[in-house]
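FYI, it's all coordinate maths here, none of it is from the lab. None of the values given here were measured: they were computed from a predicted structure. Here the Cβ positions follow ideal geometry from the backbone for every residue, glycine too, while neighbour counts run over all protein chains shown.
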Amino acid sequence: MDTILIKTVRINGFRGLKNIEVNLEPTTVLTGMNNSGKTSFLKALQVVFGNRQFLSHDDFYIEDNDSVSLITIDVLIVPLNEDNSKNFSEDWEILLTTDRIKTTADGDFVPLRVVVKYDEIRNSPTVKQYILEDWVDFGFGDPKRYWYELDNGNENSVRFEEIPFFYMDAQRDILEDIKLKSSYIGKMLSKIEYTPEDIQYIENQIELLNQSAVDKSEILTIVKDALTELNSAMDSTSGGVEITPFTKKIRDLNKGLTINYGEGNDSFLMEYHGMGTRSWSSLLTLKAFIELFNINSSKNDSVFFPIVAIEEPESHLHPNAQKKLYSQINNFIGQKIISTHSPYIASAANLEEVRNFYKNDIVKIGALPIASFETEDIRKINRQVINTKGEIFFSKCLVLGEGETEEQALPIFFEKHFSGSSIEYGIDFIGVGSFGNYLPFIRFAESLNIPWFILSDNDDTGKVKISVLKQLTTSGSTRQESNCIVFVDDEKDFEKQLINDGFQDEIKKVLLSLKTYETPQHESAKRPQDEVEINGLSDEQLYEYLTKEKAKFSPLVADEIINSGKELPSKIIDLFTKVASELNIEVQNG
């Protein structure tokens, strides 16, 4: 079906978004850490297409301790046709109108601008809409200017019922929705309509049901009989007292609406279900509301293109349920923008649909340039990175190592060095499995603007170092080896480096701690022999122990090094110095 697409959104001066551009797909998944700007992006779309009553002075970007004077939001609307043609269909051309549609050799587009200015006299924001004369590059001209410096063009109000904006935040609950007339289900319930004949029929059935319920209940019958004495007390000639266990008038049906959910023949009121079920139910009522809109549009032979913004659809849901969410939302009518902290949702999305919000000093938007990747490159990113390490969509920084030793030992060293856990700082330590597997991780991190570092082995007569540096070059990264890669000493791997740095005693203590004894008497007789044997191990024998069961030894050796009071291995300090410099982390304990 021929429709449209919100292709590009540019935002300047809104909340924490100083100057960004986001290209959208029919379904787009926004990833990134907390407070990176995902919710602000959705609210900026609401400024353009939805209700703006939430706007206040606090929505203006703060720079140098003062709010900027303008918020500028540009939106590029393009055709999305089944035959890939670049011109709006006749129906959409009629709706958008020829005075708003711009045409170039590349096709039709509508360049919409919204400008928000704070009116100091009225103490409230004012909003104006414009149609730009052109759609320029993000940075254009010589000398270079940014898109928001382009002339506003003609003021032109654009508010189409055919392009409604639906926003659902993370704090949703079907029980609360039912109570609110402004909720999506509340709006649907308020629009329930029946023919006069249907009303008469249903109310007759309700009357019979009420009569039967009273007649068959001894308690209700006694109560009714007792209340008939009201007639004499009030000197009333009315028809008497009615008891109606069920709503009498059809107009009141929605006031007593309840939702039951369960399995098989056993169902329970929604009040008895957890927040996951209630949140998911609320989300599905949005789907129903949009479908109702679509039905009405079809009846009126009108075009319809909803924009659906959903914040954290995974709220309160267990992992298996989260895995199903993407496909459900993807089947919604219209264009969907999903803000999420769920690696399951991010992993379910197509790679080209992911937009990562990364904030350090400013917010930057990352996307995977799928068109420039070979099929094998995409397969490796999916299989080696996303399918096994989906949580790195939300990383502040990635530290890559070859194997299990680095993955388990480095977080322990990090906590000692920085007096805080790596989780607290948003840093993920990843074992890539082999020195030849860094490239997919580098490409992933580079595309999504996530800083990355490598602690690499340096054995096999230099082949490892050559391979790692080749992967750096192949990735197209502008980062330099000196800024992001630390190699251990020549002809060493991580385990040999620990031995070379003089931590034999710590390794031996770990080996001795793993010895087990059947009884205190057995320990008393055997332990001295074990101490002699372990203390006599050569460096080669220690290395053999370390590499034989890496998963077991790595955290224990790291802990023992910490407990020894010795300075951390020099290569580790070198690595952490680079990380601290990139993320502006102050070293509390080195």
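Placing +1 on the Cβ of every Lys and Arg and -1 on the Cβ of every Asp and Glu, with nothing else charged, gives the chain a dipole about its Cα centre of roughly 580 debye. Directionally averaged projected area (segment 287-444, Cα convex hull): 12.5 nm².
The mean of 1/r over all pairs of different alpha-carbon atoms in segment 449-590, once inverted, gives a Kirkwood hydrodynamic radius of 17.5 Å.
Pairs spanning more than 32 Å between alpha-carbon atoms, out of 38/181; 117/299; 86/117; 38/470: 117/299; 86/117; 38/470.
Pairs of Cα atoms nearer than 8 Å and 6+ residues apart set the relative contact order; for segment 7-153 it is 20 percent.
Among 441, 140, 357, 289, a tally of other beta-carbon atoms within 10 Å of each Cβ gives an order, fewest to most, of 140, 289, 441, 357. Each of 81, 29, 109 was scored by the projection of its Cα onto the charge dipole of the chain, and the greatest displacement toward the positive side belongs to 109; charges sit on the C-beta of Lys, Arg, Asp and Glu. Net charge in the neighbourhood of residue 384 (other residues with Cβ under 11 Å of its Cβ; Lys, Arg +1, Asp, Glu -1) is +4. If the Kirkwood radius is taken over C-alpha pairs of the chain, then at 37 °C and 0.692 mPa s the Stokes-Einstein diffusion coefficient equals 112 µm²/s. Take each peptide in 88-95, 336-343, count the other Cβ atoms within 10 Å of every residue, and average; sorted highest first, the result is 336-343, 88-95. Summarising the strand pairing of the chain, around 65 percent of its internal DSSP beta bridges are antiparallel. The order of 373, 418, 576, going from fewest to most other C-beta atoms within 10 Å of their C-beta, is 373, 418, 576.
Remark: for residue pairs 18/336; 515/566; 465/548; 43/364; 7/323, the C-alpha separation exceeds 19 Å in 18/336; 515/566; 465/548; 7/323. Rg and Dmax of segment 341-408, based on Cα coordinates, read 13.1, 36 Å. Counting Lys +1, Arg +1, Asp -1, Glu -1, what net charge surrounds residue 67 among other residues with beta carbon under 15 Å of its beta carbon? That works out to -4. Evaluated on segment 49-190, the Kirkwood hydrodynamic radius is 18.3 Å, with distances taken between all distinct Cα atoms.
Straight-line cross-link partners of residue 187 among the aspartates and glutamates, defined as a Cα under 15 Å from its Cα and at least 8 positions apart when in the same chain: 176, 177, 252, 291.
Round to the nearest 10 and give me the degree value, 0 to 90, for the angle of helix 539-548's Cα axis relative to the longest principal axis of the chain. Approximately 20 degrees, to the nearest 10.
For the chain, the residue among 200, 338, 563 whose Cα projects farthest onto the positive side of the dipole built from Cβ charges is 200. Per-residue 3J(HN,Hα) values for segment 517-526, derived from phi via the Karplus relation 6.51 cos²θ - 1.76 cosθ + 1.60 with θ = phi - 60°, read 9, 6, 9, x, 5, 5, 5, 4, 7, 9 Hz in sequence order (x marks Gly and Pro).
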